[in-house]
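Peer 1: My questions all concern the structure below.
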Amino acid sequence: MARVPVAKGVFTWPSSSPQLIGSRCSACGIVTFPAQGSCPRCASTEMAEHLLPRRGRLWAWTTQEFPPPSPPYAGPTGDAFVRFGVGYIELAGEVKVETRLTRTDALRIGMDMELVLVPFRTDDAGNEVVTFAFQPVG
Ligand SMILES: [Zn+2]
């Protein structure tokens with residue numbers, strides 16, 4: 001079974017040390033995730049690819065207790081659905097990233113978190129589709 005990324009251009013792939021792919025405005029310096037073609041602050045279109053740091057701090061979180069609307073959600077539904085954590089990770093001096101979390105318990109605001117890739121679903125070709133998530137460090 002091959003592993004494939006959930007989408008192109010979201011995180012570096014393949015990589016033993018994956019990073020989220022954001023963008024940075026060459027005019028004003030603001031960082032966005034996902035990458036954008038124009039700046040949400042100053043409207044410049046001089047946006048350059050910017051790899052985000054792999055670690056940050058948990059800024060807010062909750063749990064997803066039921067499958068999100070589909071589309072865009074393309075993960076397991078019905079009896080196959082497993083509740084998961086969702087939250088925002090504050091990457092110091094960069095941006096807050098909305099993300100899936102690897103767990104739903106023992107989380108606390110401000111804790112150190114790191115990026116990992118996790119199984120998301122199996123596609124029609126039998127590939128394991130992976131997406132990004134953050135997990136507590138250590
Ligand atoms: Zn800008």
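Peer 1: Assuming residue 60 fulfils every condition listed in (1) among the small types (Gly, Ala, Ser); (2) surrounded by 15 or more Cβ atoms within 10 Å (Cβ to Cβ); (3) in contact with a Phe, Trp or Tyr (Cβ under 8 Å, 6 or more places away or on another chain) apart from one, which condition is it?
Peer 2: Unmet for residue 60, out of (1) among the small types (Gly, Ala, Ser); (2) surrounded by 15 or more Cβ atoms within 10 Å (Cβ to Cβ); (3) in contact with a Phe, Trp or Tyr (Cβ under 8 Å, 6 or more places away or on another chain): (2).
Peer 1: Pairs only if they're at least six apart or on different chains, beta carbon under 7 angstrom, first in region 95-116 and under 29 Å from residue 49 (Cα atoms), second among the basic types (Lys, Arg) and not in a loop (DSSP other than H, G, I, E, B); list them, first residue then second.
Peer 2: 110/57; 111/57; 112/55; 112/57; 113/55; 113/57; 114/55
Peer 1: Of all residues in region 41-80, which are within 12 Å of the ligand (Cβ to nearest atom), under 29 Å from residue 15 (Cα atoms) and not β-branched (Val, Ile, Thr)?
Peer 2: So in region 41-80, the residues within 12 Å of the ligand (Cβ to nearest atom) come out as 41-48.
Still in the list and also under 29 Å from residue 15 (Cα atoms): 45-48.
Of everything in region 41-80, those that are within 12 Å of the ligand (Cβ to nearest atom), under 29 Å from residue 15 (Cα atoms) and not β-branched (Val, Ile, Thr) turn out to be 46, 47, 48.
Peer 1: Right, something else. Please verify whether region 71-80 includes one or more residues that are free of Cβ contacts under 8 Å to residues at least 12 places away in the same chain and of a type in the set (Gly, Ala, Ser). Working first, answer last.
Peer 2: Step one: list which residues in region 71-80 are free of Cβ contacts under 8 Å to residues at least 12 places away in the same chain, which gives 71-73, 77-80.
Then drop every residue that is not of a type in the set (Gly, Ala, Ser), which leaves 78, 80.
Yes: region 71-80 contains one or more residues that are free of Cβ contacts under 8 Å to residues at least 12 places away in the same chain and of a type in the set (Gly, Ala, Ser).
Peer 1: I'd like the full set of residues that are surrounded by 12 or more Cβ atoms within 10 Å (Cβ to Cβ) and within 30 Å of residue 3 (Cβ to Cβ), limited to region 38-54.
Peer 2: Scanning region 38-54 gives 47, 50, 51, 52, 53, 54.
Table: residues versus (1) exposed (fewer than 14 other Cβ atoms within 10 Å of the Cβ); (2) among the basic types (Lys, Arg); (3) at pLDDT 95 or above.
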position: 1; (1), (2), (3): yes, no, no
position: 8; (1), (2), (3): yes, yes, no
position: 19; (1), (2), (3): no, no, yes
position: 24; (1), (2), (3): no, yes, yes
position: 28; (1), (2), (3): yes, no, yes
position: 36; (1), (2), (3): no, no, yes
position: 56; (1), (2), (3): no, no, yes
position: 67; (1), (2), (3): no, no, no
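The values are calculated or read from the model by the stated rules, or taken from the named source; none is laboratory data. Small disclaimer: the values here were computed from a predicted structure and weren't measured. Note: ideal-geometry Cβ built from the backbone for every residue, glycine included; neighbour counts use all protein chains shown.
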